[in-house]
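The values are calculated or read from the model by the stated rules, or taken from the named source; none is laboratory data. Keep in mind that this is a model prediction, so the values were computed, not measured. Cβ: placed from backbone, ideal geometry, glycine included. Neighbour counts: every protein chain shown.
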């Protein structure tokens, strides 16, 4: 599932749904109240250095990690892994022009995983205390029942190359006052855009994370990731007619990012969408031509393809794609990548959460399925190699196969040509979230900014509506691919098994010959 | 292990440290919990995860400004750093006369009388937990030979101690248990597709969990009925909402009762207090003091006592929900609805939200119209908070004269919450409290289905 923080995640029969979401940590209490966001960092002085991430080896030496791995293997497990993490989240919420809160959150501890055959034992400690960690190692290791334990191999420090390096990562190099000032600029721009704007909420969220992962096969890898996101929700009010719009900006960016990317644009974007929807009419119900805009529209590839390629569902044959390798699964004009090397991407890294190097996987080539997304465990059990897709929410979670930045490659049509080609259809400029049932392939996307198309022209806004289809045939119905590929680096958050993970999504403008559009008219 | 007394001391001392560091008010929430998850597949243990998890959140107020910090690292030097940071953060924003901890209030509800802690569950051995999961998996397979796989049957439980202290002298603590058993059955269908059916049970007390046999059987049934779906055309029809679908809907639209959204005129219920918006059959209750309730707590995230709130009484709007801050701003009283984890600031939420049980059997509801759609599954997104518009991907059963004709998927169901509430013609007698939001089955007179083609006329 992919979600937007501005829309609720229902609590119903979603146990198997996989989600793509937009909030930084949507898992935390996405309750009825609506807006959730995570904490952001606060630096009071404005001087860099007050908020830097500590070196993890200060808390945990290599010898201590080796000691924990040995303890974890003592019951006979085949593989043991230690994952230590220090994460700072900072958040600012500006509501009714006032700072409602400034939040600072630390998440720090160590997770230990032991694998024995197909079995996984996992334990963690919110601590670096060796007594607690040895106990956690014993608890995780108890999954194995063989008795005699092996020894971990000597560590080989990973030589993985970072796809990009931030010289001055924003979360730890911009003062809290400066982050707050960005929020105020967005607020002013949204309110100043139109007198009908009645409410504006601006949320700043950033995350600075450093981790080390080491295992009994000799892997030793460290990485750090920095996410920043500025979000605006504006509400327009006209009598009893209420509509809202959103705007967002950020990514893994430098401290000076907003000097060249004025934050005002997202206030204007949110206000424009909200005011535009005051005149919106319900979408026409039924199955017809649909154009999905570039960038965040990539939620489509995420739900239709990405989840069903993840190695757990492939190994267990619970995914509809398990038998489709080498087969035509999308129109021949469609190429799909999962790529953890996208510059400044939200799902980019040097190594994944198991220590495997980032890579670019060409999973669908001219419509033919060419590969899957593997983590260590599922790759090992099927005789494959990890593709660098082993990811976890935090040290409190075991790694599972996950997407990174997933996108449909650009094609040859201009967006204008695509819109002009539609006789009577829907143009989806922005989506909220999406979800998929990987067993059946049934998916849905929530359209939060849509327009009716008639005779190749945009004729009017439609109220929020849902698109649905089945992944096995929807991708065959792509009939035009735009030349305007854009990868959303700002806000994708993917949920699976209760774990949320930042991801990128992307696509060019796409036209489908038909998709089912929800509506009341 | 950290003792209950040590947790109380930690909460209290952190409040005192914040005061010494310059906060004129402060409150602290400490969470300490033991968590377990065991998963089985094909009769074997697939995953065991367990840990003791802890965290502390501190709100500090300095002259009407608020700072919030939280951490999983409870070492003394870490706490000292956090306290300083909270006070520093509380100098950045602007003065808000409504910010601050609640004024002194009455005692919180006695935790013991709410019956939230099951010592049997707290002491349950791992082997017994895994056996329940194995039994549920076996029941799913045994129920119907068309069940080809069971995708991970999970038993999980939590034993949590929640401690709250504030600078007005409040120091409260309670312990609570909860357990959850869930399974997902899969059936092979044509075209390489599979149909899934899930069922779970979630309770505070081990003895109140539904049996593994029931969990497995219900999951298998839910999967099997979805085999061989047939497309249907776009049309307006009566909708029978499965209890899970109804619960998801009310979880979404309960946000319209959120006092903050009301105060900001962002809710479509803003002008509706005292008005009849729903059918006579609909009464909606938020109940923080439900005995053994999955979402019951003696006090809320502000440290105020929780209570039972009637939101809709026979269709009439009776109550909006408040925490201390928004209540102060709106000139009303808190309804005890501040929700807060250790790492979040309080916000308004519901507890044990449910539609009161009705009188109709599911059979009666299926027969109430010559034809109707029985909605049993939905996508994750489709509700618009500002308008109450409802537009979800759906799957379920096509019913004629009370009989299942065929399964349906690949459609959407759309309407508007106010029209849907007014259009409820029958409320089921099947309310089953599991998890935080629940509903009986609901029969709604008319909604729009998008399927094949576009609507005639």
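Annotations for the structure displayed:
- When region B:267-281 is filtered for residues that are without any contact (Cβ under 8 Å) to a residue 24 or more places away in the chain and under 26 Å from the mean Cα position of the chain (by Cα), only B:270 remains.
- Of the criteria (1) at pLDDT 95 or above; (2) in a loop (DSSP other than H, G, I, E, B); (3) surrounded by fewer than 19 Cβ atoms within 10 Å (Cβ to Cβ); (4) facing chain A (nearest Cβ under 10 Å), which one residue B:229 fails: (3)
- From the list A:469, A:433, A:506, the lone residue that is modelled with pLDDT under 90, in the same structural domain as residue A:333 (by TED's automatic domain parsing), crowded, with 24+ Cβ neighbours inside 10 Å and in contact with a strand residue (DSSP E or B) (Cβ under 8 Å, 6 or more places away or on another chain) is A:433.
- Matching residues in region A:301-330 - criterion: being over 23 Å from residue A:497 (Cα atoms) and within 13 Å of chain B (Cβ to nearest Cβ): A:323, A:324, A:325, A:327, A:329
- Counted residues, region B:43-61 - those being facing chain A (nearest Cβ under 9 Å) and out of contact with any helix residue (DSSP H, G or I) (no Cβ under 8 Å at 6 or more places or on another chain): 9
- Candidate set: region B:430-440, residues that are outside any strand (DSSP E or B), on the phi < 0 side of the Ramachandran plot and within 13 Å of chain A (Cβ to nearest Cβ); chosen: the one nearest to the chain's Cα centre (by Cα): B:436
- Options A:355, A:345, A:298: the member that is away from chain B (no Cβ under 14 Å), outside any loop (DSSP other than H, G, I, E, B) and touching a residue at least 40 places away in the same chain (Cβ under 8 Å): A:298
- Qualifying residue in region A:269-288 (condition: free of Cβ contacts under 8 Å to residues at least 60 places away in the same chain, buried (at least 22 other Cβ atoms within 10 Å of the Cβ) and either more than 14 Å from chain B (Cβ to nearest Cβ) or closer than 21 Å to residue B:391 by Cα (or both)): yes
- The set of residues from region B:102-123 being touching a strand residue (DSSP E or B) at 6+ places or on another chain (Cβ under 7 Å) and modelled with pLDDT of 95 or more comprises B:116, B:117, B:118, B:121, B:122.
So that you can scan it fast, the table gives a plain yes or no per residue for (1) at pLDDT 95 or above; (2) out of contact with any strand residue (DSSP E or B) (no Cβ under 7 Å at 6 or more places or on another chain); (3) not in a loop (DSSP other than H, G, I, E, B):
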residue	(1), (2), (3)
A:115	yes, no, yes
A:127	no, no, no
A:136	yes, no, yes
A:153	yes, yes, no
A:161	yes, yes, no
A:185	yes, yes, yes
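- Residue among B:355, B:277, B:348 that alone is over 30 Å from residue B:169 (Cβ atoms), touching a helix residue (DSSP H, G or I) at 6+ places or on another chain (Cβ under 7 Å) and buried (at least 24 other Cβ atoms within 10 Å of the Cβ): B:355
- Taken as a whole, the structure leaves residue B:149 outside the set of residues that are out of contact with any helix residue (DSSP H, G or I) (no Cβ under 6 Å at 6 or more places or on another chain), surrounded by 15 or more Cβ atoms within 10 Å (Cβ to Cβ) and farther than 30 Å from residue B:51 by Cβ.
- Sole residue being assigned by TED's automatic domain parsing to the domain that holds residue A:230 and more than 17 Å from residue A:80 (Cα to Cα), chosen from A:135, A:96, A:118: A:96
- Qualifying residue in region B:233-251 (condition: surrounded by 20 or more Cβ atoms within 10 Å (Cβ to Cβ), more than 21 Å from residue B:199 (Cα to Cα) and modelled with pLDDT under 95): yes
- The condition of being closer than 22 Å to residue A:272 by Cα, in a strand (DSSP E or B) and without any contact (Cβ under 8 Å) to a residue 60 or more places away in the chain holds for only one of A:198, A:244, that being A:198.
- Selection count, region B:161-186, where residues are within 18 Å of the chain's Cα centre (by Cα) and more than 14 Å from chain A (Cβ to nearest Cβ): 4
- Flag for residue B:374 being in contact with a helix residue (DSSP H, G or I) (Cβ under 9 Å, 6 or more places away or on another chain), buried (at least 21 other Cβ atoms within 10 Å of the Cβ), free of Cβ contacts under 8 Å to residues at least 40 places away in the same chain and not in a helix (DSSP H, G or I): no
- Within region A:473-503, considering residues that are within 14 Å of chain B (Cβ to nearest Cβ) and surrounded by fewer than 21 Cβ atoms within 10 Å (Cβ to Cβ), the one nearest to residue A:252 (Cα to Cα): A:499
- Residue A:297 falls short on exactly one of the conditions (1) closer than 14 Å to residue A:451 by Cα; (2) within 15 Å of the chain's Cα centre (by Cα), and that condition is (1).
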